[in-house]
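Engineer: Structure below; questions to follow.
Please treat every number below as a calculation from the coordinates, not as lab data. These numbers were taken from a predicted model, which means no experiment stands behind them. Virtual Cβ from ideal backbone geometry, glycine too; neighbours counted across all protein chains shown.
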Amino acid sequence: MSKKNLVERFQIQPGKRVRLKDHETTWAQTDELKQLGKDTAKERATSSLEQNLEALAEAQQRLYADDRYALLVVFQALDAAGKDGTIRHVMSGVNPQGCQVFSFKQPSAEELDHNFLWRYMRCLPERGRIGIFNRSYYEEVLVVKVHPEILEKQKLPPGKRGKAFWEQRYEDMNAFEHHLVRNGTIVLKFFLHVSKSEQKKRFLERLADPDKHWKFSAADLAERQHWNDYVDAYEDMLSATSTTWAPWYVVPADSKWATRAIVAHLLVAALKQLDLRYPELPEDQRQSLLVARRQLENE
C-alpha cells in the first residue's frame, strides 16, 4: 500500500456518512496484508514505526525552529482502545520540551462558568510545539450526548436539547478548528477504533493482573453497557466534524502495533506537508559565526 493510499484509507472524507461497521478494527485491512500474514505485517509495521519515530523527532526540531506552526493532535476512543500506549510509544523520540499532553477530567466549577470550549482553548500549543489532547472537547458530543443529564450542570440558557442542539455544537467545533488552522495550528484527529470483543479481552487482562488493577474502574463496565449509544454518537460526530482543514482518521486499534505504526505515519505525513525549514541567518550574523569559529579554532 502506497503512503498516499495509507492516508486516504483511514481519513474520513468531509460530508461522508460514517458507519463504523464498515471500518476494520484489525491489522488485516487489505487482501495484500492478509496474504502477507500477521508476522510479516507486524515486522513491517515495527520497521515503519522506527523510521517514522526518527522522522518525527527531526520534524519536531524543524517545527520548533520554523516557529510558524503548532500541531494539535486529538485522540478519542472507547475505553481500553490504547490511547495512552499510543501516545507513549509514538511520542517516545520527541523532545519533551516541545510536546505537552493534556487529559481532561470532569470540569471544575470555574470551567463550568465558561463556554464548553474554554478549558481546551487554554491548553492549545504555542507555535513550534506539539499539543496532544487525550480526549478532548469532542467529549461534549460523546459522553455528554450519551448521558444528557450532564448538560444540567453546564448552566446553559433554556432551550431544547434535540438534534439542532448537537448540530450547533458540531458547528462550533468546526468553526473553532477552522480558526486554529487559519492561524497556523495544524489539527489532526484520531479515533482509535477498537472492537467490543477486544475491549472485553483487555478488561479481563486488567482484572487478571494485579499490576493493572489500577487501570480498571467500575465505571468502565458501566459505560460498556452503553456501547451502541457510543457507536451512534461517534458515527454522528465523525460524519459532522471531519473537514478539509481538520480531518478525522479512523485507526484500527485491536492490534496495538498496527495502531502505533499508522498514527506515527500519519503524523509524519502531515508535518512533511508544511515544508518546515530551519531559519536562515542574515549575512552579518553568519559572518559573526565565522569569526567565533576561527576564534575557537585558534585557542
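Engineer: Taking the Cα centre of the range 127-261 as origin, work out the dipole magnitude from +1 charges on Lys and Arg Cβ and -1 charges on Asp and Glu Cβ, in debye rounded to 20.
Structural biologist: Computed charge dipole of the range 127-261: roughly 380 debye.
Engineer: I've got another one for you. Which length gain, in nm to one decimal place, applies between residue 105 and residue 30 when the Cα-Cα distance is subtracted from 0.36 nm times their residue separation?
Structural biologist: Answer, rounded to one decimal: 23.3 nm.
Engineer: Here's a follow-up. Rounded to the nearest 0.05, what FRET efficiency do residue 117 and residue 231 give with R0 = 30 Å and r taken as the Cβ-Cβ distance? Could you check? Mind showing how you got there, number by number?
Structural biologist: On the way: r = 25 Å, r/R0 = 0.83.
With a Förster radius of 30 Å, E is 0.75.
Engineer: In nm, to one decimal, how far is the modelled label at residue 197 from the one at residue 156, with both set 7 Å along Cα→Cβ?
Structural biologist: If labels sit at residue 197 and residue 156, their model points lie 3.8 nm apart.
Engineer: Hey, quick one: spin label on residue 245, modelled 7 Å out along Cα-Cβ, who in the range 164-207 has an amide N within reach, i.e. under 16 Å?
Structural biologist: Under cut-off, by backbone N: 170-189.
Engineer: At 7 Å along Cα-to-Cβ for each site, give me the label-to-label distance between residue 283 and residue 38 in nm.
Structural biologist: 6.5
Engineer: Turning to a different aspect of this structure: Please get the size of the charge dipole for the range 188-299, origin at its Cα centre, with Cβ charges of +1 on Lys and Arg and -1 on Asp and Glu, quoted in debye to the nearest 20. Before the final figure, lay out each step's value.
Structural biologist: On the way: 16 positive and 17 negative charges, 72 e Å.
It works out to roughly 340 debye.
Engineer: Can you tell which of 262, 64, 35 lies farthest toward the positive end of the dipole of the range 3-297, using +1 and -1 charges on the Cβ of basic and acidic side chains (Lys, Arg; Asp, Glu)?
Structural biologist: With unit charges placed on the Cβ atoms, the residue in question is 35.
Engineer: Could you list 19, 119 so that the one with the fewest beta carbons within 10 Å of its beta carbon is first and the one with the most is last?
Structural biologist: Ranked by crowding around the Cβ, least crowded first: 19, 119.
Engineer: In percent, how large is the relative contact order of the chain, given Cα pairs closer than 8 Å and 6 or more residues apart?
Structural biologist: Answer for the chain is 35 percent.
Engineer: Compare the Cα positions of 170, 190, 97 along the charge dipole of the range 55-211 (+1 at Cβ of Lys, Arg; -1 at Cβ of Asp, Glu; about the Cα centre) and return the one farthest towards the positive end.
Structural biologist: Sorting the options by dipole projection puts first 170.
Engineer: If you line up the long axis of helix 227-241 against the longest principal axis of the chain, both from Cα atoms, how many degrees apart are they, to the nearest 10?
Structural biologist: Approximately 50 degrees, to the nearest 10.
Engineer: Quick check: the distance between the Cα centres of the range 243-287 and the range 67-97, to the nearest angstrom?
Structural biologist: 12
Engineer: Additional query: Starting with the highest mean, order 54-66, 28-40, 284-296 by the number of other Cβ atoms within 10 Å, averaged over the residues of each peptide.
Structural biologist: 54-66, 28-40, 284-296
Engineer: Now, a different point. Mind checking which lysines have their C-alpha under 23 Å from residue 16, skipping anything on the same chain fewer than 8 residues away?
Structural biologist: Of all the lysines, those that pass the test against residue 16 - Cα under 23 Å, at least 8 places apart if same chain - are 3, 4, 145, 163, 189.
Engineer: Same structure again: Using the basic label-point model (7 angstrom from Cα toward the beta carbon), what is the residue 92 to residue 219 distance in nanometres?
Structural biologist: 2.9
Engineer: Work out the length of the dipole vector of the chain about its Cα centre, built from +1 on the beta-carbon of each Lys and Arg and -1 on the beta-carbon of each Asp and Glu, and round it to the nearest 20 debye.
Structural biologist: 440
Engineer: What ranking do 257, 227, 214, 248 get, fewest neighbouring Cβ atoms within 10 angstrom at the top?
Structural biologist: 214, 227, 257, 248
Engineer: Hey, what number do you get for the chain at 222 nm if only DSSP H runs of n ≥ 4 count, each worth -39500 (n - 2.57), divided across all residues, to the nearest 500?
Structural biologist: It lands at -15500 deg cm²/dmol.
Engineer: Take the alpha-carbon positions of the range 1-102, form their convex hull, and give its projected area averaged over all directions (one quarter of the hull surface) in nm².
Structural biologist: 8.6
Engineer: A follow-up question, please. Which chymotrypsin sites (Phe, Trp or Tyr not before Pro) from the range 74-162 combine a DSSP loop assignment with at most 15 other Cβ atoms within 10 Å?
Structural biologist: The qualifying sites are 104.
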